[in-house]
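First comes the structure, then the notes that go with it.
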Amino acid sequence: MPLYELTAHELHEKLKAREVTAVELTQSMYDRIGAVEEQIKGYLTLTEDMALESAAAADAGFQRGDEMPPLAGIPIAIKDVICTKGVLTTCGSEILGNFVSPYDATVMTKLHQQGTVMLGKTNMDEFAMGSSTENSAYQTTRNPWNLETIPGGSSGGSSAVVAAGEAICSLGSDTGGSIRQPAALCGVVGMKPTYGRVSRFGLVAFASSLDQIGPFSKDVTDCALLLNAICGHDPMDSTSANLPVPDFTKSLINDLEGVKVGIPKEYFTAGIDPDVEESIRSAIEVLQENGAIIEEVSLPHTDYAMATYYIIAPAEASANLARYDGVRYGFRATNAEELGDMYRKTRSEGFGEEVKRRIMLGTYALSSGYYDAYYLKAQRVRTLIKSDFDNAFEKVDVVVTPTSPTAAFKIGERTADPLQMYLSDVLTTPASLAGLPGISIPCGLTQDDLPIGLQILAAPFEEEKILRAAYTFEQNTDHHRKQPNLSST
Ligand code: GLN
């Protein structure tokens, strides 16, 4: 089996046994990238020299016989929304097209401490606004399962490179579904931790009350290892939770005896593709066969989640994106007459269509006279959505739903209709508004051989329950082993 098909925990054994060096592993990843990247277009920047240096450092540790962390020497890809010292961080936007971060995000510092090898930065929808990567100012990433379809978004580069074997694992960010939805569409594992679990320091802000960094991997074990590496309190992020972080690998238990699984009736309504529904129903049976107690639950305010999200997220975005004015960093328009003109031209030329749409929606929702009618009301509905989940988690341990109502759609199919595009996240945004942790794991293929994702949610800071359910499902099925049929060029 080629190295790029292995998981991080399998590779760790090989590195430890000196069956392969981290430098050889890294080189083999770039060979794979050379063979398929032209078709996938998942990377915006490759950092080969830095990667080989990190790999050599990991090798030195293994050579000395040091006790090496589980992710030492493991090749990882990073979404281009996460600041990486000395490397471009474009956020998929022209406006940050030349931005080289002077510092590392906290998650990067943590990965460096592990000795992880960063292969490069991955493509994304501009400022993480989108569900397909088609809003990237640079390129559209293709889904390795069918090159005519989108990989999901906004972390579509991060999900596609893992599915295509161009990275062993990756990091993405999730505001309304941007880790879970692309994980589902590319047939990999993707997890959004509880809001506050992972530091947002060095994550370019989209909607600060929702944004959260999380891992993509090939299996649940790697997901737990990545969570161990990136979670934890950070004084640099005032919203980061000052709570102890468990060893998530302890939750990798293949048994659900007595675990209560809630199925929200509101998530199986019109718009769910029949293939998706069938896969989810059989996934629920697998959970039941392994000891889970299945119960119907109700989340009555689900219908309002999209409207609420599309007030709160753009409102926060309009405030966060005010800083891109051409003064201190990033792109500056050259043909301006005076300061106001410079701001206007920089922002008109530097931002893409979708970002401008969100800024306008958000500015409107926050403007005087409309604030109460929109933003304040949305905040109230957000509380109702959160209390729906609180009620459900009094009865059940986890809630299980489809991640996305459909499998991957064709490139171009939804670009003309923003509302259609927004609806890709109808099943992920409610949990985002409630700040909950959620995973998407592969649970089958459609008749067209496109991956389907199972979403598992839990109460805040109960990632362990999610991992246990996901691990049990994985151990008793082989969906996560299926690979796209990608030919090298
Ligand atoms: N697709 C949603 C949006 O466009 C969610 C994006 C995200 O989670 N970053 O806002």
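The values are calculated or read from the model by the stated rules, or taken from the named source; none is laboratory data. Values in this document were obtained by computation on a predicted structure and should not be read as measured data. Glycine gets a Cβ as well: all are built from the backbone with ideal geometry, and neighbour counts include every protein chain shown. Just so you know, the surface numbers come from the protein's heavy atoms only, side chains and all, with ligands and any DNA or RNA stripped out. Shrake-Rupley method; radii C 1.70, N 1.55, O 1.52, S 1.80 Å.
Structure values in brief
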read-out	value
Index of the failed condition, TYR329 passing every other in (1) free of Cβ contacts under 8 Å to residues at least 60 places away in the same chain; (2) not in a helix (DSSP H, G or I)	(1)
Pair list, Cβ < 7 Å and 6+ apart or interchain, from segment 424-435 residues that are in contact (Cβ under 8 Å) with a residue 24 or more places away in the chain and farther than 9 Å from ALA305 by Cα to residues that are charged (D, E, K, R) and away from the ligand (no atom under 11 Å from the Cβ)	ALA434/LYS386
Helices (runs of 4 or more DSSP H) completely within segment 380-489 that count 2 or more residues being surrounded by 24 or more Cβ atoms within 10 Å (Cβ to Cβ)	429-433, 463-475
Count of residues meeting criterion [closer than 28 Å to ALA392 by Cα, crowded, with 17+ Cβ neighbours inside 10 Å and touching an Asp or Glu at 6+ places or on another chain (Cβ under 7 Å)] in segment 299-350	3
Segment 254-298, subset touching a Ser or Thr at 6+ places or on another chain (Cβ under 8 Å) and in a strand (DSSP E or B), residue surrounded by the most Cβ atoms within 10 Å (Cβ to Cβ)	PRO264
Residue match in segment 179-192 (condition: open to solvent by less than 10 Å² (accessible area, probe 1.4 Å), assigned to a loop (DSSP other than H, G, I, E, B) and of a type in the set (A, V, I, L, M, F, W, C))	yes
Residues of segment 193-237 classified as in a loop (DSSP other than H, G, I, E, B), within 12 Å of the ligand (Cβ to nearest atom) and among the aliphatic types (A, V, I, L, M), total	4
Matching option when the condition is over 19 Å from the mean Cα position of the chain (by Cα) and basic (Lys, Arg), among LYS85, LYS79	LYS85
Which listed residue is closer than 19 Å to ARG358 by Cβ, within 16 Å of the ligand (Cβ to nearest atom) and open to solvent by less than 10 Å² (accessible area, probe 1.4 Å), from GLY157, GLY153	GLY153
Considering residues of segment 108-136 that are of a type in the set (Val, Ile, Thr) and within 16 Å of the ligand (Cβ to nearest atom) only, the residue farthest from ARG347 (Cα to Cα)	THR122
